[in-house]
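One structure below.
The values are calculated or read from the model by the stated rules, or taken from the named source; none is laboratory data. This is a predicted model, so every value here is computed, not measured. All Cβ positions, even for glycine, are placed from backbone atoms using ideal geometry, and neighbour counts span all protein chains on display. SASA here: full protein model, heavy atoms, side chains in, ligands and nucleic acids out. Shrake-Rupley method; radii C 1.70, N 1.55, O 1.52, S 1.80 Å.
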Amino acid sequence: MSRLLIDGCQVVVTMDDAGTEIAGGSILLEDGAIAWVGSSGAHPQAAEGADVLDGRGTVAIPGLVNTHHHLYQTLTRARAREQGLFGWLTELYPVWEGIDAALSGCTTTTDHHYVFPAGRPGLLEAEIDAAREIGLRFHPCRGSMDLGASDGGLPPDRIVQDTDAALADTEEAVRRHHDATPGSMLRVAVAPCSPFSATERLMKESGALARRLGVRLHTHIAETRDEEAFCAERFGRRPIELLEDLGFLGSDVWLAHAVHLSDDNVARLAATGTGVAHCPTSNLRLGSGIARTRELLDARVPVGLGVDGSASNDSGDLLSEVRQAMLVARAAGDPASLTAREALRIATRGGAECLGRAGDLGSLEAGKRADVALFGVDGLAFVGAGEDLVAALALCRPQSARHVIVEGRVVVRDGRLATADQDAIAAEGHRVARRIAGAER
């Protein structure tokens with residue numbers, strides 16, 4: 001049996017139903033699960049046979065859950081800097097054609113990978129291998145595009161797939177990699193890209209495929225006014241109405257962005273149990289708009305947070321999204337529209353619900369998986385914030401997590417990766433980014 005005691009945290013934020021916060025709290029992890037949470041010293045046998053991680057000066061929260069990302073875009077940051085979504089995509093699609101298999105407290109992440117250039121195999125497998133090496137809980141979404149520019153879509157024809165091939169490759173990815181067991185570190189979702197890059201047939205048959213295989217569904221929707229106009233012209237419907245007609249709403253679905261929603265759209269998402277991945281920084285960066293987060297929460301729509309692709313966010317920092325979500329929700333003039341604790345809850349329990357993991361992730365409770373993020377609150381950034389250190393996580397924003405534990409394994413220790421050489425990763429990333437940039441010239 002492996003045992004790890006996280007001892008003497010300044011505050012343990014459990015995110016349980018009662019909102020329990022324990023000053024001077026400790027957490028005992030056994031064999032990848034949480035065995036006990038309580039006041040330091042209240043469990044006399046907790047330290048017996050356990051490794052001890054010093055929690056002094058930290059706030060412990062459930063590991064953050066990233067519900068929408070495009071990991072490959074890390075190599076193409078700071079481009080198309082003054083473009084909206086369609087212009088940004090048009091500039092970057094040709095760059096992404098060249099891809100090959102080449103510390104923010106996040107313990108679970110999705111990745112929506114939808115660019116599969118012909119003759120470049122192993123792209124999904126490369127990121128699965130990397131997640132396994134680092135020790136990250138991973139929910140890759142096998143994306144697909146079959147609507148090229150010659151047929152009225154946005155992406156160039158050379159980076160879209162034949163519909164049958166896309167569906168076959170998606171099924172193969174699920175059958176090969178998806179692990180449905182409790183506590184799984186790897187689950188695969190089916191994720192046609194968007195209404196402007198996927199045909200109605202691909203969207204509809206992807207939904208049927210996901211349900212036949214028992215996995216979740218994901219796509220981009222209602223991100224911009226341009227997309228709304230595209231759907232009106234091509235399909236005669238608004239984006240959410242299109243998805244409903246295609247059978248793409250339900251408790252097994254979560255949608256990226258969902259910025260431009262009518263009251264009826266919000267009600268349909270709530271009625272069907274469809275989740276939303278809120279990506280505030282990307283929406284602001286691309287001028288897409290401000291999501292109706294307060295209304296979605298009040299309607300009991302499952303809402304999680306996503307950093308979105310690193311080419312439209314440029315930092316990929318999920319704790320920064322917590323702060324951004326809180327601030328942007330207040331931009332309409334209500335300073336109480338989203339509290340710091342609500343924003344943290346979206347990033348933990350909300351994300352777990354979107355991914356169908358509410359039963360084993362998202363809170364620090366006995367029996368749930370041992371995913372914990374500890375943030376230092378004893379440094380310069382938190383001077384004067386002692387009145388409410390939990391709110392200060394969102395308001396003051398520590399530079400990075402001090403320690404991160406996934407499935408009981410320490411993957412970040414003292415602010416640095418413990419499972420891989422982050423300096424070597426950075427050096428290789430810079431090398432590949434230079435190669436991509438050179439290939440454009």
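Assorted remarks:
- Gyration tensor over alpha-carbon atoms, the stretch 125-284, equivalent ellipsoid semi-axes in Å: 25, 19, 15
- Taking the C-alpha atoms of the stretch 286-441, convex hull volume expressed per residue in Å³: 167 Å³
- Peptides 380-388, 150-158 ranked from most to least packed give 150-158, 380-388, packing being the mean of other C-beta atoms within 10 angstrom over each peptide's residues.
- Separation in nanometres of the label points that stand 7 Å from Cα toward Cβ, at LEU395 and THR419: 3.4 nm
- Read-out Kirkwood radius over Cα pairs in Å, derived from the coordinates shown; its label in (i) 22.1; (ii) 28.2; (iii) 21.3: (i)
- Euclidean distance between Cα centres, the stretch 2-28 to the stretch 288-366, Å: 22 Å
- Relative contact order (percent, whole number), the stretch 227-316, Cα cutoff 8 Å, 6+ residue spacing: 24 percent
- Given their separation in residues at 0.36 nm each and the Cα-Cα distance between them, ALA232 and LEU213 gain 3.7 nm when the chain is fully extended.
- Relative contact order %, the stretch 269-379, counting alpha carbon pairs below 8 Å whose residues are six or more apart: 24 percent
- 17 Å reach of a label modelled at GLU387, 7 Å along Cα-to-Cβ, counting backbone N of the stretch 313-340: 335-336, 339-340
- Sites ARG431 and ARG409, calculated FRET efficiency, Cβ-Cβ separation with R0 35 Å, nearest 0.05: 0.75
- Rounded to 5, the percent of DSSP beta bridges in the chain classed as antiparallel: 45 percent
- Using C-alpha pairs under 8 Å with a sequence gap of at least 6, the mean separation divided by the residue count of the stretch 114-209 gives a relative contact order of 33 percent.
- Rolling a 1.4 angstrom probe over the chain with all protein chains present gives an accessible area of which 49% lies on carbon and sulfur atoms.
- Cα-based equivalent ellipsoid, the stretch 1-72: semi-axes from gyration tensor eigenvalues, Å: 23, 16, 11
- Enclosing the Cα atoms of the stretch 127-217 in their convex hull gives a volume equal to 95 cubic angstrom per residue.
- Computed E for LEU380/ARG56 - FRET, C-beta separation, R0 25 angstrom, nearest 0.05: 0.90
- Accessible surface, the stretch 236-393, averaged per residue in Å² (probe 1.4 Å): 33 Å²
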